[in-house]
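Asks: Here you go, one structure.
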Amino acid sequence: MGLLCEILTVSAGVRDVKLELIYFAWVRERIGVPRETVETEVATVNALVLELRAREERYDLAFSDMSVVRVALDQTLCNFDAPLEGVCEVAFFPPMTGG
């Protein structure tokens, strides 16, 4: 499945972007949906998380301790200060363990 990004508007240098958010494991359980599409103007993953936390209590609960959440942008593991420019998909999940 290819990723298709959608920039909704560009006004005064601010981009309104549509992102596909995907949640895994207990992050999905706390938020209550496996995926959703959101429109945002934020520039970084951290700003997106802050925006989501302000939206509803379920997001605030899921993202209350960011040390136990990992993020991938377009299927590439990254940090929370990563920019969202050009990104289509943001995935949130708990740390992975190997065996």
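Asks: I'd like the full set of residues that are surrounded by fewer than 16 Cβ atoms within 10 Å (Cβ to Cβ) and either outside any strand (DSSP E or B) or touching a residue at least 40 places away in the same chain (Cβ under 8 Å) (or both), limited to the range 31-42.
Replies: Residues of the range 31-42 surrounded by fewer than 16 Cβ atoms within 10 Å (Cβ to Cβ): 32-39, 41.
32, 33, 34, 41 - these are the residues of the range 31-42 that are surrounded by fewer than 16 Cβ atoms within 10 Å (Cβ to Cβ) and either outside any strand (DSSP E or B) or touching a residue at least 40 places away in the same chain (Cβ under 8 Å) (or both).
Asks: Checking the structure you have, find out if any residue of the range 9-29 is assigned to a loop (DSSP other than H, G, I, E, B), at pLDDT below 95, surrounded by 11 or more Cβ atoms within 10 Å (Cβ to Cβ) and not aliphatic (A, V, I, L, M).
Replies: Initial filter on the range 9-29 (assigned to a loop (DSSP other than H, G, I, E, B)): 12-13, 24.
Applying the additional criterion that residues be at pLDDT below 95 yields 12-13.
Subsequent filtering for residues that are surrounded by 11 or more Cβ atoms within 10 Å (Cβ to Cβ) retains none.
No, the range 9-29 has no match at all.
Asks: Here is a follow-up. State whether one or more residues within the range 46-62 are part of a loop (DSSP other than H, G, I, E, B), under 20 Å from residue 17 (Cβ atoms) and touching a residue at least 24 places away in the same chain (Cβ under 8 Å).
Replies: Within the range 46-62 (the criterion being part of a loop (DSSP other than H, G, I, E, B), under 20 Å from residue 17 (Cβ atoms) and touching a residue at least 24 places away in the same chain (Cβ under 8 Å)), the answer is no, since none of the residues qualifies.
The values are calculated or read from the model by the stated rules, or taken from the named source; none is laboratory data. Please read all numbers here as calculations on a predicted model, not as lab measurements. Don't worry about glycine lacking a Cβ; one is built from the backbone with ideal geometry, like all the others, and counts go over all protein chains shown.
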